[in-house]
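In what follows, a single structure is set out as structure tokens and then discussed.
The values are calculated or read from the model by the stated rules, or taken from the named source; none is laboratory data. Keep in mind that what you see is a predicted model, and the values were worked out from it rather than measured. Accessible surface is based on the protein model in full, side chains and every heavy atom, while ligands, DNA and RNA are left aside. Shrake-Rupley method; radii C 1.70, N 1.55, O 1.52, S 1.80 Å.
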Amino acid sequence: VFHGRIVARRAVGQETRYEVEVKARYRQRFPLVAREYLWVPSRCGCPALREGAEFVLMAQRHVNHERTLNRLLLPHGGYARPWTPREARLVREAARHC
């Protein structure tokens, strides 16, 4: 779970790849770097991730069996909410209890 700003967007096949500036990390099971690529299925139920906008995102690290593909994935039905100070506070509080 992290707070990120959408830097760029590019359609790649049936997915969309977003370049995201990681602004804050709330809870992580894997390390995040300052800039990440976030992959989203074209039919994602999440809000439109506009360039320049900031979001609270809950993504998964996806690694294939051959370990040749290692990427950050926002799955269908994943968590993506526009960032607000209130949303950030709620996520921080939840992270302390989980």
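Computed values, structure above
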{"read-out": "Acute angle (nearest 10 degrees) that the helix 85-97 long axis makes with the longest principal axis of the chain, alpha-carbon atoms", "value": "90 degrees"}
{"read-out": "Surface per residue (accessible, 1.4 Å probe) for the chain, Å²", "value": "65 Å²"}
{"read-out": "Viscosity 1.306 mPa s, 10 °C: Kirkwood-radius Stokes-Einstein D of the chain over Cα pairs, µm²/s", "value": "115 µm²/s"}
